[in-house]
Every structure is written in C-alpha cells, then in structure tokens.
Amino acid sequence: MGVPAVTEPRPLAMSEPAGRRLLATTVLGSGMGFLDGTIANVALPHIGDDLGADLAGLQWVVNGYTLSLASLILLGGSLGDRLGRKRVYAWGVAGFAVASVLVAVSPTIGMLVLARILQGVAAAALTPGSLALIQSSFRQEDRMRAVGAWTGTLGIATAGGPVVGGWLVGIDWRLAFWINVPLAVIVLVLLRSAPESRDPHKMAEIDWRAVVLAPIALAGLTWGLTAWPDSGASATTVLSLVVGVVAGMAFVVAELRESHPMVPPALFASRDFSVINVVTLFVYAALSGSMLFLAIFLQVSAGWSPLEAGAATVPISVLMFFLASRFGALATKFGPRSLMVGGAAVLAAGFASLAFAPNDASYLTQILPGVVVIGLGLSILVAPLTGTVLAAVPDSQSGLASGINNAVSRTASLIAVAVLPLLTGLSGTAYQNPEAVGDAYRASMWWCVALVLVGGGLTLVGLRRRSGAPTGAT
C-alpha cells in the first residue's frame, strides 16, 4: 500500500522568515557531513599514531564512510520521496549524531572504521534530503538562488570544520567528532516547523536488488584498489576487483529490468542529467583527492600543526560563502555552461599552483594563492552544477535526482582516495615519511588538474547552452 499523499504547502520565498529558516535547517544538517569530512582529513595522521594504523587503515577511515554513503544515498533520496523528505532527513540527522558518538569512543582502527560506516548510513538519509527540501519547498524563481545560498552558506561549516577540528585534533582527535551532537539537536529543533513534501505517485516497493548490488560493487572495487599498493595482483586483490566489476554490471542489468528501479534509466534520457553526473564524477574526484593530500602534506611534510593545516583552506569557504549565490543567480540568467567551463579552468589553475609547493612551503607565497584560486573556481562551478542536475528532472523526482548526483560525487571521492595513493606510489607507513608524502602530494595535484580539465571539456561539448534555467517541470 502506498503512502497517502500530502497536501503540498505554498511554495516559500527566499525573502520570508519561513524560507530563511528552512535554508538554515538544510545548511546546518548538511554542514555536519561537510564538517565531519574535513575533520577526518585533518585527523588522519593523529588517528594513525594513536591506533597504530597503516595507510590502508587510514584510507578506510575515509572510505568506510564514503562507501556506505555512496551505496545507500540513492535509497535515502528514494525513501524521502516516498515517506516524506522532512521525515527521512530527521532520521538521518539523529542517526548521524549517534554514530558520531561511536566514532569518538572507538578503541581500535577496526571499530573506528565500523563506526564510520554507520555514519555513512545515516548520512545517506540526510544528505539528499537537504537539497530535495530546497527544490520542493521554494518557489521556482528562487530555487537556483536558494541552491547558491545553500552552497555558499555551507562555507561556514567547511571553514569552521578544519579550524575547530584542527584545534580539537591538536588536543585529542576524538573530541573533534563530538561536535556533531549539539549541531544535530539544533537541526532537529529547527526542522519541526519545516514543510513536509513527498511524491504522491511513488510506489512503496523498494528495489532490493539495487540496494544489495550497489555496496557490493563499490566495496569490491574499493577494497581491491586500496590493497593493491601493498599486496599487488594477489588472488584476494584480483578477486575483489572482479567481484566489484561483476556486481556493477549486475546492478545495471537489474535496473534495466526492474519495474520500479532505484535508478530509473529514463532519467538518463536527459542529456543534461547524464552529462552533469559524468562531470560531477571528475570534478569531485579531483576535489576530494586534493583536499586529502593537502591536509596530510601540510602536517607530515611541512610540519604544520593540525590547526594550521586546517586553517589553510579557510579562504576556499570564505570565497564560496560570498560568491556562490551570485554565480547561481548568473546561471539562472545566462545558463550554466559557460560558468561551469570557466570554473573548471580556474579550479585546474589552483591545483596546478599547489603542485609547485616545496616541502618547506610558505603559506603566503606557495599555498595561499592556489587556495584562493581553488575557492574562486568552486564558487563559479558548484552552484550551476548542482542547480542544473535538479532542473534536468521533474520536481517530483528531485529527491532521487539529488541522491543520484550525491552518489556520483561520493563515489568519485571513494575512487580518488583509493586510487591516488596507488598512482602516486604511497603505501604502508610511508604517510609518516615527509619526503615520500611530499612527492606523492605534488603528483596527486597534477592528477587533479587533469581530472578537472576533463570535466570542463565534457561540459563544453555535452551540456546545452541554456540548460539549468527554470523549465517549469512538475
């Protein structure tokens, strides 16, 4: 039996208190995930020292979370459309707080990875819900602006995460994860007055084949790629990769045959939707890989404290806070393609600048310029990208579209964290060697340049000039 339809409330405007309150609610909830990710990157060297973990173990601290998030975020978006976006969002926020406590008290690297996996499960419910609430609650002419404001305001979390997290990590890395608990309480209080919405035409059936096959595919590929630097082409590594590939192919076949697929193939009939998701894969792989390597490089090779390493990326968040909403408005007026291509070129220039930093890097002359350029590139790129992927589908499927795009971005991060150490020759306990980390860092930045340029080229060739503007789809 399907869930009864909910009478849709009046669309909100950005200028009214209810609209601003909803925006704050979605920003704070999403901010927990962003903040947690930046804290994890800064904390990795200290986690390794405290728990005696090798590089593969530290990779799984990041990838355990990303794996469960990427695997289940499609289910989270779909459940939001079925059961109510506000309801599923609240479940995710509460679950994330509980899992954060488990992370903070983990006594071993194995328990820590398990707790991070549970965090990812909760994040799969809250992450797609934030953008879906914006898309379904705001009036059409305010949506791209609201997405831009959401993107920019999240700069507060991504700015505060490395600074506050770095300070706490310098005391004890476990303290940095407790911050999610009071944030979750605030979100749940604010969420009480938010409007509820769901897709009344959504069937109640769950595509369980997809739910099972997606994590098997991603886990197999991630395990094999993470183990390869230490184990090479061992039987276990090769078997893991084969299982991942076979499960991925089975996932595609299952979705083509499923009567109510979790990832409807019809969505990809939209050229814009397909192109934007491929571009997302390349751009977010570069972004995730660069930020991970920069955080480790600044602490291990440059000898900075966790607070200094975290604060180094604050200009990115500040620029996005002030500029992202403005570029979102420009995308609404002129179309997103030119902005996205330009943003990708600027972002690539920022990564290239960081690639020249020596081990004894000066912040003012060798790190800050690249960080500022990266912040400008992301400000130009992210809001048009996010708005376009939502505008490419009917409003009733906004939760699903958000889930797919988020799954792609998280999968990109998963692949980057697993593959870049392999490509740059970093393995075992080499993350404690300043020279080895420095060489791997510089090589990783050039790989990130290439990834972003591919994404910009695909945007130029594949995206329609006026895509992403309001279309009136319902």
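Coordinate-derived values only; no laboratory data. Since the structure is predicted, the reported quantities are computational estimates derived from the model, not experimental observations. A quick note on method: Cβ atoms are made from the backbone with ideal geometry, for glycine too, and the neighbour counts reach across all protein chains shown.
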Quiz item: What ranking do 122-130, 367-375, 26-34 get when scored by the average of other Cβ atoms within 10 Å per residue, highest first?
Solution: 122-130, 26-34, 367-375
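Charges only on Cβ, +1 for Lys and Arg, -1 for Asp and Glu: so what's the dipole of the chain about the Cα centre, in debye to the nearest 20? Display every interim value, and only then the final one.
Details: 26 positive and 23 negative charges, 309 e Å.
Rounded to the nearest 20 debye, it is 1480 debye.
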Quiz item: Once amide H atoms are placed 1.01 Å from N in the peptide plane, what residues at a sequence separation of 5 or more from Phe138, or on another chain, have their amide H within under 5 Å of its amide H?
Solution: Leu12
Exercise. Run the quick spin-label model on Leu83 and Leu256: label points 7 Å from Cα toward the beta carbon, then report their separation in nm to one decimal.
Key: 3.2
Quiz item: So what's the angle, to the nearest 10 degrees on a 0 to 90 scale, between helix 235-257 and the longest Cα principal axis of the chain?
Solution: 10
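For the peptides 381-391, 339-349, 211-221, 44-54, what is the packing order when you average, over each peptide's residues, the other Cβ atoms within 10 Å and list the highest mean first? Walk me through the numbers before you get to the answer.
Working: 381-391: 29.3, 339-349: 22.8, 211-221: 20.5, 44-54: 17.8.
Top to bottom by mean Cβ count within 10 Å: 381-391, 339-349, 211-221, 44-54.
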Quiz prompt | Spin-label pair Met111/Lys333, simplified geometry with 7 Å Cα→Cβ offset, distance in nm | solution = 5.6
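For Arg464 and Ala266, compute 0.36 nm times the residue count separating them, minus their Cα-Cα distance, and round to one decimal in nm.
That works out to 69.4 nm of additional length.
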Practice problem: Round to the nearest 10 and give me the degree value, 0 to 90, for the angle of helix 180-191's Cα axis relative to the longest principal axis of the chain. | Solution: 10
Quiz item: Put +1 on the Cβ of every Lys and Arg and -1 on every Asp and Glu Cβ in segment 248-340; which of Ser305, Phe282, Met320 then has its Cα farthest towards the positive end of the dipole?
Solution: Met320
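If each residue of separation counts as 0.36 nm, what is the full-extension length gain between Ala345 and Asp172 once their alpha-carbon separation is subtracted?
That works out to 58.4 nm of additional length.
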Quiz item: If you line up the long axis of helix 109-137 against the longest principal axis of the chain, both from Cα atoms, how many degrees apart are they, to the nearest 10?
Solution: 30
Self-check item: Dipole axis of the chain (+1 Lys, Arg; -1 Asp, Glu on Cβ), positive-most option in Leu453, Val389, Ser427
Solution: Val389
Quiz prompt | Pairwise label distance in nanometres, Asn359 with Glu16, each label 7 Å out on the Cα-Cβ vector | solution = 6.1
